[in-house]
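See structure below.
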């Protein structure tokens, strides 16, 4: 059984986000806890992907074009939310 956990710092990050982003975050959590990670990864709307570089071992889920959830999947079926971030366009 999958269970999603997050810290108080993530709770503070969530409080600053727009309502529709928090709703998508909750929808992702419900889907993970109900259906499991392998099923949720098949949903194209979340664009679940592994991270590289300094974030190796973590994964990212897109809440929309601007917001991501960074999480760590543990072997015991727990998901630890590391952070919810806003992604800005890069300057070229």
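Here are the numbers for this structure:
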| quantity | calculated |
| --- | --- |
| Structure-based [θ]222 nm, the chain - -39500 (n - 2.57) summed over DSSP H runs of at least 4, per residue, nearest 500 | -9500 deg cm²/dmol |
| Label-point separation in nm, residue 75 to residue 22, each point 7 Å along Cα→Cβ | 3.7 |
| Three-way shape label, segment 3-86, alpha-carbon gyration tensor, a/c 1.5 | rounded |
| Antiparallel DSSP beta bridges within the chain, as percent of all bridges there, nearest 5 | 75 |
| Length added when fully stretched, residue 15-residue 54, from 0.36 nm per residue minus Cα-Cα | 11.4 nm |
| Average Cα contact separation per residue, the chain, under 8 Å, 6 or more apart, as relative contact order % | 31 |
| Residues listed by number, segment 36-64, amide nitrogen under 16 Å from residue 88 label point at 7 Å toward C-beta | none |
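Values in this text are rule-based calculations from the coordinates and carry no lab data. Here the structure is a predicted model, which means the values were calculated and not measured. FYI the Cβ positions are ideal-geometry reconstructions off the backbone, even for glycines, and counts take in every protein chain you see.
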